[in-house]
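Have a look at the structure below before the remarks.
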Amino acid sequence: MIRTPISDWPEADALVYDDGVKARTDHLYARVKDVVTPMEWPVFAPLIDAINRLKTERGAVILAHNYMTPEIFNCVGDITGDSLKLAQVAAEAEEDVIVQAGVHFMAETAKILSPEKTVLIPDMKAGCSLASSITGADVRAIKAAYPDLPIVTYVNTSAEVKAYSDICCTSSNAVQVVEAAAAQWGVDTVILIPDQYLARNVAAQTDIKILTWKGACEVHEEFTPGDIDELRAAHPDAVILTHPECPPDVMARADFAGSTGAMAAYVKERAPKKAILITECSMSDNVAVENPGVQFVRPCNLCPHMKRITLKGIYEALRDMQHEVHVDPEIADLARASLQAMLDLPRLATPPHFDTGKAAPAAAYVSV
């Protein structure tokens with residue numbers, strides 16, 4: 001791969017909105033005009049234009065998670081979606097360079113699945129409260145305490161945590177993975193870590209007993225049953241969709257529950273007049289772009305980690321080929337096995353949803 005000398009590309013602040021940029025980006029603004037104001041666009045457009053030209057020169061693909069802001073998700077993201085889709089694409093990417101517009105564990109996952117590729121993240125500090133709730137040492141202790149039970153680990157974790165697990169899952173396939181692990185091990189109990197709320201919500205959907213860990217996503221944990229009741233009272237005509245990382249008593253009040261991919265699919269297929277997405281705030285903007293006929297109420301909880309990813313950061317990562325993500329080869333080999341075990345399961349034809357009418361059991365935690 002031939003890299004253009006850094007000096008050929010200006011500093012981000014030196015990029016300008018001129019007639020050339022306007023001509024090359026007008027079609028993109030038409031896509032996001034309902035969620036990006038005319039005042040913002042002249043600031044975003046020069047960076048968007050530069051990124052889209054620069055990634056071609058670098059032989060790069062940008063993976064953009066559903067929680068990215070709309071100017072990133074819709075205007076520079078090449079592959080967009082939830083964590084399962086991005087994991088699948090990372091394993092299949094043909095480009096030499098992967099830029100992860102998402103948090104650090106996602107970039108690690110891309111590197112694990114494509115060890116020969118260069119993986120960049122625009123900000124090394126884009127972490128995750130859920131991922132930081134558990135360590136590889138914790139998983140080793142769990143394995144020692146429960147040697148006869150499979151450990152299913154949510155992909156929102158570090159490479160080291162994945163390395164000491166048996167199989168990974170996402171919110172899209174958690175029920176499928178839990179049931180497959182139980183069948184393979186011949187047991188009626190599975191350990192699902194580290195998200196205690198996802199674990200309880202999964203337990204409501206299956207006969208498999210689940211032990212978990214006291215981790216949580218700081219965005220989804222903040223939603224309360226009272227929030228849903230207030231939204232329902234204020235917008236009785238709205239469909240309320242929630243993510244399974246929310247507490248069970250929040251999810252029970254929703255009309256639909258599923259991964260970000262499942263939420264987006266529901267809105268596209270059902271086309272409700274009004275929708276409320278109980279998840280990270282940018283998700284509503286991105287779904288709104290694809291569904292202009294749907295009115296969205298935005299109960300905003302922002303992820304401070306996702307919001308560290310900016311157009312400027314993406315541009316500088318590509319310009320300078322900086323913030324490369326590395327994973328220890330031994331850890332990567334182990335983590336790849338747990339990720340591959342998930343990817344080897346049959347792909348579901350449509351994003352599954354959670355039955356919000358099924359009561360979640362009380363939390364049952366591992367004891368280590």
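Worth a mention:
- Residues whose placed amide H lies under 5 Å from that of residue 169, excluding near-sequence neighbours: 153, 154, 155
- Selected from 344, 229, 166 as most flexible by GNM, with the chain as the system and alpha-carbon contacts under 10 Å: 344
- Antiparallel %, DSSP beta bridges [both residues in the chain], to 5: 10 percent
- Taking the chain and dividing mean pair separation by its residue count, relative contact order in percent (alpha carbons under 8 Å, at least six apart): 21 percent
- Computed [θ] at 222 nm, helices only, for the chain once each DSSP H run of length n ≥ 4 contributes -39500 (n - 2.57): -12500 deg cm²/dmol
- Multiplying the residue separation of residue 207 and residue 40 by 0.36 nm and removing their Cα-Cα distance gives an extension gain of 55.1 nm.
- Full-extension gain in nm, residue 265 to residue 300, via 0.36 nm per residue minus C-alpha separation: 10.5 nm
- Approximate spin-label separation residue 233-residue 14, in nm, with each point projected 7 Å along Cα-to-Cβ: 5.7 nm
- Surface share of carbon and sulfur [accessible, 1.4 angstrom probe, percent] for the chain: 52 percent
- Coupling constants for the range 212-219 follow from the phi torsions by the Karplus curve (6.51 cos²θ - 1.76 cosθ + 1.60, θ = phi - 60°), and in residue order they are 9, 10, 8, x, 7, 7, 5, 6 Hz; glycine and proline get x.
- Of 268/307; 55/85; 33/55; 214/358, pairs whose Cα-Cα distance is over 31 Å: none
- Rounded accessible area per residue of the range 22-150, 1.4 Å, Å²: 37 Å²
- Gaussian network model of the chain, springs between alpha carbon atoms under 10 Å - residue of 106, 39, 263 with greatest fluctuation: 39
- Each residue, residue 224 and residue 188, gets one label point 7 Å from its Cα in the Cβ direction; the gap between the two is 3.8 nm.
- Per residue solvent-accessible surface (Å²) - the range 209-368, probe of 1.4 Å: 45 Å²
- Cβ-isolated cysteines (cut-off 4.7 Å), the chain: 75, 128, 168, 169, 217, 246, 303
- Look at the alpha carbon pairs under 8 Å that are at least 6 residues apart: their mean separation over the length of the range 261-324 gives a relative contact order of 29 percent.
The values are calculated or read from the model by the stated rules, or taken from the named source; none is laboratory data. What you see is a predicted model, and the numbers here were worked out from it, not measured in a lab. Reconstructed Cβ throughout: ideal geometry from the backbone, glycine too, with neighbour counts over all protein chains shown. To get the accessible areas, we keep the full protein, side chains included, count just its heavy atoms, and leave off ligands, DNA and RNA. Shrake-Rupley method; radii C 1.70, N 1.55, O 1.52, S 1.80 Å.
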